[in-house]
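Accompanying notes for the structure given below.
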Amino acid sequence: MANAAYSAYPSSAHAGASLCIDLGAIRRNYRLLCRQAGKATCAAVLKADAYSLGAGRIAPVLEQDGCRHFFVAHLDEGIALRRCLAARSEIFVLHGPPPGAEQECIEHGLIPVLNSLQQVAGWRKLCHRLGRRLAAVIQVDTGMSRMGLAPDEAELLLLYQSSLNAIDLRYLMSHLACADLPTHSMNEMQLRRFLTLRSRFPAMPASLANSSGIFLGGPYQFDLVRPGAALYGLAPIAGEANPMHPVVTLQGKIIQTRTIGAGNCVGYGMTYRAAGKRVIATVAIGYADGWMRSMSNRGMAFIDGICAPIVGTVSMDSITLDVSGINEGRLLPGTMVELLGPHQSVDAVAAHSGTIGYEILTSLGNRFHRTYRDVSAACEEAPYGEAVSSL
Ligand SMILES: *Cc1c(COP(=O)(O)O)cnc(C)c1O
């Protein structure tokens, strides 16, 4: 059993890195997405603890801004989120109820997304048992082959229209596989399939678009859009200028520096050998914090806006930077260096590590000193006040 007395979650300036989440930027992103979504209602996707940024802090901010539709992946995420939101706000559970857990959805005021005939049958049974038409969303698979009813299963369901009437079906939903690539033919193909299926469920509101899908334009927006990534500042369209406001600032602390001569190596496996005299700074963030090992000899940090490349392999708790040429006075132990911020976006780091911004965000660890900043105000708690304000 976990020992409740053990908590290494840093609450102070002792932390090796600090993560600041700009709630004001999330609010501005939500407003931008609402405008972009035209007549569609804009929901918010808060699964995986709002992509690791803190659903409990973010949900009330979005609710304050008029958001009334929230999506999570798991039932338990919905149960936790329910405590942070007003009763009138609707929480949708993307994976639907695990078999036998239908009743829990109702007890916690959650609306399941039904992805299979089995889930539909389970929900219908509960409706009969409670004598109520209970709200649910029905997902159809339009080509991603991941979740939702296959088209023939949807047809089968329609044969039993009367039993479907037992459920208060709120939305017909599907999900796009290639929405971040606007010219990909899959987008139109999925749209066509979705429209065909939708014609079989007349008058039912529909939802197709994630963040990127919103930017594919009006035909993709239907009645409800479901952005996650763009709320948190990630670029919705691959290779295009990012219209979203950056949300995350991550700074790591220099804990040691040294000068090495030509021929000396840095880090595990000796993957970096200095060609000449080099100044190396060790920063207290590593792959255990989500700073991916694939950034070994590839990624970088910024000190006063100057690029300091990562040299050697990323360790569990530290990285090593080549800081040669940077003023010694800026390298004192305790100095914070920029890992995510104005000089380096989440998407840029993802590109260096061979992954996507989603994975960078959701990998962010829990050893950081986390702060939340709102609108233009300073961080609520600012242990590194100087460093934060200097960005
Ligand atoms: C995660 C998810 C979203 C949000 O996607 P983003 O690309 O982060 O906007 C929307 N719908 C479904 C079904 C999802 O799984």
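If the condition is being part of a strand (DSSP E or B), within 16 Å of the ligand (Cβ to nearest atom) and farther than 18 Å from Gln190 by Cα, then segment 215-262 contributes only Val248. Reported count of residues in segment 297-317, each being surrounded by 14 or more Cβ atoms within 10 Å (Cβ to Cβ), small (Gly, Ala, Ser) and over 24 Å from the mean Cα position of the chain (by Cα), is 3. Being surrounded by fewer than 17 Cβ atoms within 10 Å (Cβ to Cβ) and either outside the structural domain of Arg57 (by TED's automatic domain parsing) or of a type in the set (A, V, I, L, M) (or both) is true for just one of Ala136, Ala86. Which residue is that? Only one candidate qualifies: Ala86. Taken as a whole, the condition of being outside any loop (DSSP other than H, G, I, E, B) and not basic (Lys, Arg) does not apply to Thr313.
One line per residue, one yes/no per condition, for (1) on the phi < 0 side of the Ramachandran plot; (2) in a helix (DSSP H, G or I); (3) modelled with pLDDT of 95 or more:
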| residue | (1), (2), (3) |
| --- | --- |
| Leu156 | yes, yes, no |
| Ser163 | yes, yes, no |
| Arg170 | yes, no, yes |
| Leu176 | yes, no, yes |
| Ala179 | yes, no, yes |
| Asn187 | yes, yes, yes |
| Gln190 | yes, yes, yes |
| Leu195 | yes, yes, yes |
| Ser199 | yes, yes, no |
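Take Ile26 and tell me if it is in a strand (DSSP E or B) and either closer than 16 Å to Thr249 by Cβ or not polar (S, T, N, Q) (or both). Judged against the criteria, Ile26 is not a match.
Per this entry, Phe70 is not counted among residues that are within 16 Å of the ligand (Cβ to nearest atom), buried (at least 18 other Cβ atoms within 10 Å of the Cβ) and touching a residue at least 40 places away in the same chain (Cβ under 8 Å). Evaluating Ala50 against the criteria (1) in a helix (DSSP H, G or I); (2) farther than 29 Å from Pro219 by Cβ; (3) touching a residue at least 40 places away in the same chain (Cβ under 8 Å) leaves one unmet condition, (2).
Contact map, segment 213-236: first residue without any contact (Cβ under 8 Å) to a residue 60 or more places away in the chain and within 15 Å of Glu359 (Cα to Cα), second residue of a type in the set (D, E, K, R) and in a loop (DSSP other than H, G, I, E, B), Cβ cut-off under 7 Å, separation 6 or more or different chains; pairs are Pro236/Asp180.
The values are calculated or read from the model by the stated rules, or taken from the named source; none is laboratory data. The model shown is predicted, which means the values in this text are computed figures rather than measured ones. When we count neighbours, we look across all protein chains shown, and the Cβ atoms used for this are built from the backbone with ideal geometry, even at glycine.
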